[in-house]
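Some notes on the structure that comes next.
The values are calculated or read from the model by the stated rules, or taken from the named source; none is laboratory data. Since we're looking at a predicted model, the values are computed, not measured. We place every Cβ from the backbone using ideal geometry, glycine too, and count neighbours over all the protein chains shown. We work out accessible area using only protein heavy atoms, side chains counted, and drop any ligands, DNA or RNA first. Shrake-Rupley method; radii C 1.70, N 1.55, O 1.52, S 1.80 Å.
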Amino acid sequence: MANIIEGVKYTKEHEWVKIEGDTALEGLTDYAQSELSDIVMIEPPEVGRKVNAGEPVGTIEAVKAVSDLYAGLTGEIIEINEKVVSDPSIINKDPYGEGWLFKIKIDDPKQAETLLTPEQYKELIAKH
Amino acid sequence: MFKKTPFYEMHVKNGGRIVEFAGFLMPVQFEGIIPEHRTVRTGVGVFDVSHMGEIEILGKDRLKFVNYLTTNDASKLELNQIQYSTMLYPDAGIVDDLLVYNLKDRILLVVNAANTDKDYQWIVDNKKYDIDIKNTSNDIGQLAIQGPKAELVMQKLFDLDLSTLRYYWATEVKMKDIPVLLSRTGYTGEDGFEVYVDKKYAAQCWQMIFDAGAEHNIKPIGLGARDTLRFEMKYCLYGNDIDKTTNPLEAGLGWVVKFDTGDFIGRDSLLKIKEAGIKRKLIGFEVIGKGIPRPHQEIHAEDGKIGFVTSGTFSPSMNKGMGIGYVEKPHNKVGTRIKVIGKTPVDAEIIKGPFYKQGSRQ
């Protein structure tokens, strides 16, 4: 079973978002990494890019599949996890930790309320 | 209702991720495509390929009939020799690619799983001479044991000295006490064997191989790695690189077409195509920089579209995106720069196949 952690919010597109004050850390959920399996390449958004919640901002390529990466919240990309860019397999090994993807300076922390709770995300993936 | 191979329960027990493929429930992966790929390149792995179709041709004219049915020269097959070949439609489009086993009392045709019913019907419809045709696909389990350590493992199960069984030869022999058809064949570029066994012995056969391979860390391998392994050898996959809209000459399979050894279905059309000159070629390419090509993406030269991708993936051995596709002549030359049009277009260069050249296959 896919691991769903507490203390973060989730998108319908299978990203997790961890709010820390006025920034948010985003990554791929355990369910998503397991479905994709063998992630070999990521194309992250550029630092400085303004992104809107729900907007495709990059791609994740696995051996046999490719998936879009979406911004969970509106704001500006302020950091990319370069370690994951050079070794994307980290996402498969530790999706909620070392495998984080990027950091957003968020416009409106209240926007996080529109994201899914762990309970809601669990229901979402149960339907798959 | 999907079919299960005689090894299905083993896949579930080994944690295989099961998907539907060609009407069968098959494991696409166990521990992951990349580690499984490496297992086969460096050690030994076992593929369940029982979904492949087996069609037997019996009767005294069987060799003559198969020579008419297929493009390669079946007439020169010796006893227990195997040949890679194709079957064509009258317009030279490919019905299927297949292995032809010339056995003591029959010819065994091993065909692609997705094509078994179509092929059987095609063969029946084109039947001539004194022969019988039997589809034995549902009675047979098939395993492919592949990798540089395959012989080490398999030797434990046979009295026969396996170093005498050469590439593309077979023998009907006992594996310990079970009767099997053993051949030195595979779809990986590594040394290896394929074992055909009556499904009543399937579980026993699986156990024997895994017991023998335990000390060499033998592992089950899924369809995902089967595809990346064959891809690195630029072996054609029916449904991707070849199908009824492609002919063997443009697919680089001219070496299994013998025009001067008697008539075969599709010969006249293919000869006309050859004389007129083929318009496109199946080429291999590697991405320059980042990006992974995917099937159906367009291939462009500076002046626009010149072809399309038929197979594209990340190559675990070369650690980069690579592809196979058709491009119009004269854009097919090695060294030609192309662009593969995905969401973000990527630059690539046409290279010679096979991509992976260090395989243990003799």
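Considering only the range B:42-124, give the strands (runs of 3 or more DSSP E) lying wholly within it that have at least 3 residues that are hydrophobic (A, V, I, L, M, F, W, C). Steps first, please.
Details: elements: B:45-48, B:53-58, B:82-88, B:94-102, B:107-111.
Counting at least 3 such residues, we get B:53-58, B:82-88, B:94-102, B:107-111.
Just name the residue that is most open to solvent (accessible area, probe 1.4 Å) out of those in the range A:61-88 that are aliphatic (A, V, I, L, M) and within 11 Å of chain B (Cβ to nearest Cβ). Working first, answer last.
Initially, the range A:61-88 is screened for residues aliphatic (A, V, I, L, M), giving A:62-63, A:65-66, A:69, A:71, A:73, A:77-78, A:80, A:84-85.
Of the ones still in play, those that are also within 11 Å of chain B (Cβ to nearest Cβ) are A:62-63, A:65-66, A:85.
Details: A:Ala62: 0, A:Val63: 1, A:Ala65: 33, A:Val66: 79, A:Val85: 35 Å².
Among those residues, the one meeting the criterion is A:Val66.
Kindly indicate which of A:Gly48, A:Gly21 is at pLDDT 95 or above and among the small types (Gly, Ala, Ser).
On the way: A:Gly21 fails: at pLDDT 95 or above.
The conditions single out A:Gly48.
For the list (1) in contact (Cβ under 8 Å) with a residue 40 or more places away in the chain; (2) more than 18 Å from B:Ile242 (Cα to Cα); (3) open to solvent by less than 10 Å² (accessible area, probe 1.4 Å), I need the number of the one condition that B:Gly321 fails.
So the condition that B:Gly321 fails would be (1).
Out of B:Ile94, B:Ile33, report the one residue that is more than 14 Å from every other protein chain (Cβ to nearest Cβ) and modelled with pLDDT of 95 or more. Step through it out loud before you land on a result.
Numbers: B:Ile33 fails: more than 14 Å from every other protein chain (Cβ to nearest Cβ).
After applying the criteria, what remains is B:Ile94.
Looking for whichever is open to solvent by less than 50 Å² (accessible area, probe 1.4 Å) and in a helix (DSSP H, G or I) here; the options are B:Ile209, B:Ile283. Which one fits? Walk me through how you get there before you give the answer.
On the way: B:Ile283 fails: in a helix (DSSP H, G or I).
Matching residue, one of B:Ile209, B:Ile283: B:Ile209.
Please work out if B:Asn247 is outside any helix (DSSP H, G or I), open to solvent by 50 Å² or more (accessible area, probe 1.4 Å) and touching a residue at least 60 places away in the same chain (Cβ under 8 Å).
Values: outside any helix (DSSP H, G or I): yes; open to solvent by 50 Å² or more (accessible area, probe 1.4 Å): no; touching a residue at least 60 places away in the same chain (Cβ under 8 Å): yes.
Considered against the rule, which asks whether it is outside any helix (DSSP H, G or I), open to solvent by 50 Å² or more (accessible area, probe 1.4 Å) and touching a residue at least 60 places away in the same chain (Cβ under 8 Å), B:Asn247 comes out as no.
Within the range B:215-237, which residues are within 14 Å of chain A (Cβ to nearest Cβ) and either open to solvent by 30 Å² or more (accessible area, probe 1.4 Å) or farther than 24 Å from B:Ala74 by Cβ (or both)? I'd like the intermediate steps shown before the answer.
Going through the range B:215-237, the residues within 14 Å of chain A (Cβ to nearest Cβ) turn out to be B:221-232, B:237.
Listed by number, the residues that qualify are B:Ile221, B:Gly222, B:Leu223, B:Gly224, B:Ala225, B:Arg226, B:Asp227, B:Thr228, B:Leu229, B:Phe231, B:Glu232, B:Leu237.
Does B:Val95 satisfy the criteria of being among the aliphatic types (A, V, I, L, M), closer than 16 Å to B:Ile140 by Cβ and within 20 Å of the chain's Cα centre (by Cα)? Full working, then the answer.
Working: among the aliphatic types (A, V, I, L, M): yes; closer than 16 Å to B:Ile140 by Cβ: no; within 20 Å of the chain's Cα centre (by Cα): yes.
Spelling it out, it is not the case that B:Val95 is among the aliphatic types (A, V, I, L, M), closer than 16 Å to B:Ile140 by Cβ and within 20 Å of the chain's Cα centre (by Cα).
Say whether the condition of being farther than 21 Å from A:Pro118 by Cα and within 11 Å of chain B (Cβ to nearest Cβ) is met by at least one residue in the range A:30-37. Give the steps one after another, and end with the answer.
Step one: list which residues in the range A:30-37 are farther than 21 Å from A:Pro118 by Cα, which gives A:37.
From what is left, the residues that are within 11 Å of chain B (Cβ to nearest Cβ) are A:37.
Taking every residue of the range A:30-37 in turn, at least one turns out to be farther than 21 Å from A:Pro118 by Cα and within 11 Å of chain B (Cβ to nearest Cβ).
Tell me whether the range B:297-319 contains one or more residues that are under 21 Å from A:Asp38 (Cβ atoms), part of a strand (DSSP E or B), touching a strand residue (DSSP E or B) at 6+ places or on another chain (Cβ under 8 Å) and away from every other protein chain (no Cβ under 14 Å). Quick ask: steps written out before the conclusion?
Let us first name the residues in the range B:297-319 that are under 21 Å from A:Asp38 (Cβ atoms), namely B:297, B:309, B:311-319.
From what is left, the residues that are part of a strand (DSSP E or B) are B:309, B:311-315.
Filter once more, so that each one left must be touching a strand residue (DSSP E or B) at 6+ places or on another chain (Cβ under 8 Å): B:309, B:311-315.
If we keep only those that are away from every other protein chain (no Cβ under 14 Å) too, we end up with none.
The answer is no; no qualifying residue exists.
All but one of (1) within 14 Å of another protein chain (Cβ to nearest Cβ); (2) outside any loop (DSSP other than H, G, I, E, B) hold for B:Asn240, so report the exception by its number.
(2)
Starting from residues that are touching a strand residue (DSSP E or B) at 6+ places or on another chain (Cβ under 7 Å) and in a helix (DSSP H, G or I), keep the ones in the range A:105-117 and report whichever is surrounded by the most Cβ atoms within 10 Å (Cβ to Cβ).
A:Ala112
Check B:Arg267, B:Arg294 and return the single one that is within 14 Å of chain A (Cβ to nearest Cβ), buried (at least 17 other Cβ atoms within 10 Å of the Cβ) and charged (D, E, K, R). Lay out the reasoning, then the answer.
Details: B:Arg267 fails: within 14 Å of chain A (Cβ to nearest Cβ).
Just one listed residue meets the conditions, B:Arg294.
Name the one entry in A:Ala126, A:Ala65 that is in contact with a helix residue (DSSP H, G or I) (Cβ under 6 Å, 6 or more places away or on another chain) and without any contact (Cβ under 8 Å) to a residue 40 or more places away in the chain.
Values: A:Ala126 fails: in contact with a helix residue (DSSP H, G or I) (Cβ under 6 Å, 6 or more places away or on another chain).
One residue alone meets the criteria, A:Ala65.
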